[in-house]
1. Going through segment 417-457 one residue at a time, which ones are buried (at least 17 other Cβ atoms within 10 Å of the Cβ) and of a type in the set (A, V, I, L, M)?
2. For segment 354-370, which positions are over 21 Å from K307 (Cβ atoms) and open to solvent by 10 Å² or more (accessible area, probe 1.4 Å)?
3. Looking only at residues that are over 29 Å from the mean Cα position of the chain (by Cα) and assigned to a strand (DSSP E or B) in segment 159-177, which one is farthest from T18 (Cα to Cα)?
4. What about H329, is it open to solvent by 30 Å² or more (accessible area, probe 1.4 Å) and in contact (Cβ under 8 Å) with a residue 40 or more places away in the chain?
5. Can you say whether G129 is out of contact with any helix residue (DSSP H, G or I) (no Cβ under 9 Å at 6 or more places or on another chain), more than 18 Å from I5 (Cα to Cα) and surrounded by fewer than 20 Cβ atoms within 10 Å (Cβ to Cβ), as far as the supplied structure shows?
6. When you scan segment 217-226, do you find a residue that is at pLDDT 85 or above and either buried (at least 17 other Cβ atoms within 10 Å of the Cβ) or touching a strand residue (DSSP E or B) at 6+ places or on another chain (Cβ under 9 Å) (or both), even just one?
7. Could you grab me the full set of residues in segment 306-327 that are part of a loop (DSSP other than H, G, I, E, B) and of a type outside the set (D, E, K, R)?
8. For P111, are the conditions met, namely being under 33 Å from the mean Cα position of the chain (by Cα), without any contact (Cβ under 8 Å) to a residue 60 or more places away in the chain and at negative phi?
Amino acid sequence: MRKPIVALVGRPNVGKSTLFNRLAEERLAVVDDIPGTTRDRLVAEAEWTGIVFDIVDTGGIDPSDYSGKNRQSLSVGSAEFIQQIRQQAEIAIQEADAVLFITDADSGVTPADREVAQILRRYQTEKDGKLWPPIFLVVNKADSEARRLQALQFYELGMDEIYPISAVHGTGTGDLLDALVASFPAQTEETEDETVKIAIVGKPNVGKSSLLNYLLGEERVIVSPIAGTTRDAIDTSLEYEGIKITLIDTAGIRRRGKVEPGVEKYSVLRAMQAIERSDVALLLIDATAGITAQDTHIAGYILDNWKSTVVIVNKWDAIVKDTHTMNEHTAQVRRELNFMDYVPILFISALTGQRVEQVLPMALRVQEERLLRISTSQLNQIIQRAQDIHPAPSHAGRQLKIYYATQVRSDPPTFLLHVNDPQLGHFTYRRFLENRIREAHPFLGTPIRIVMRPRRE
């Protein structure tokens, strides 16, 4: 089921990022032993009363920031300024299930607040007798009785209710979140989609749409050398050797500092959602640029979501080669993506079609590996042999003891180990056990979860 989306909208310095961090705090506090998996802070998961939703920051909207000049009045250059506000507000309203309109009790109602309020209301539509999506007017920095009284002036913006809060101290956020989650549409079970869902992801202008077109054998999406052409995640169905596939083409993901306000921010959100609902992600890398920090960032996001991966090095036709070129590029990818050393690598040209015929077979092979199950007896033999080779570590005189192991699920493969003390199961030993499992069953392109649970001897 799709998670509800909540957009945070407002002018600069009203505390959007502070509220974003507070709402995401519980989810972001989860510690992962796998290096390189830091998630972009544009979007994060939040949870309240058991309901999980995505929160999105839209960046500040400021009428004084117009063409680099400090203009304090909407009357000067207002046409272009209003167009920028309208663009951000329109996208926010179209994509979100709820909007948190953040204002500042200390500053009071400003012209920018009035303008944003008007545009947000203009783009609401009626749904089941109510305006959709709901807009929650949040008056931040109301951290004293005097400022909570000041917050009453925000009723002039025409909202039915205001929510005075302090994002720094958490005051009032409980009431806001109660109202927010109550506004979400009722979750209904979606019809099960049995197709293999393959997302084509990567930073802008690496050839994602070109690859999709070649795979389909026809021009189904726009192909352009201009970065950022694809704005939406586009689903296309096809059948390959009797297997039904859904291909998801996405907008390019840039590092946070390079994400433009408005349209491109929401393109990134759509791409991240595409990764979340995929089975296999095709991570495209530009051979002419080499693997970059942003490529590793996207790989980390794929791993955060425990998705299977095929690394596709595109534009291979543009590389001057000798007998060592492919080995050198492979070594670079392995070095930079050392936290995903199980992924297959393909070198292709979406422009000429070189080796593109290998992409779908490899993705389907990876999906097959993702669904593989190991029998309990065989798994315990693997774990026992691993302990014979390298005894479990000890700490303060206590040694890790593994009593029993079983695969509790596939998609992704998850192995439960009953042990005396999970705290003794250091990350390096878990990685050792993972490598021994992969020696018997590679689980090509697929991350493996190893969970330890305490059990009495």
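1. Residues satisfying the conditions are L417, V419, L424, L433, I437, L444, I448, I450, M452.
2. Hits for segment 354-370 are Q354, R355, E357.
3. For segment 159-177, the residue satisfying everything is I162.
4. Yes: the conditions hold for H329.
5. Yes.
6. Checked segment 217-226: no residue is at pLDDT 85 or above and either buried (at least 17 other Cβ atoms within 10 Å of the Cβ) or touching a strand residue (DSSP E or B) at 6+ places or on another chain (Cβ under 9 Å) (or both).
7. Selection gives W306, I319, V320, T323, H324.
8. No; evaluated as a whole, the condition is false for this residue.
The values are calculated or read from the model by the stated rules, or taken from the named source; none is laboratory data. Predicted model only: the values in this text are computed from it and were never measured. Cβ atoms come from the backbone with ideal geometry, glycine included; neighbour counts cover every protein chain shown. Protein only, heavy atoms only, side chains kept; ligands, DNA and RNA dropped before computing areas. Shrake-Rupley method; radii C 1.70, N 1.55, O 1.52, S 1.80 Å.
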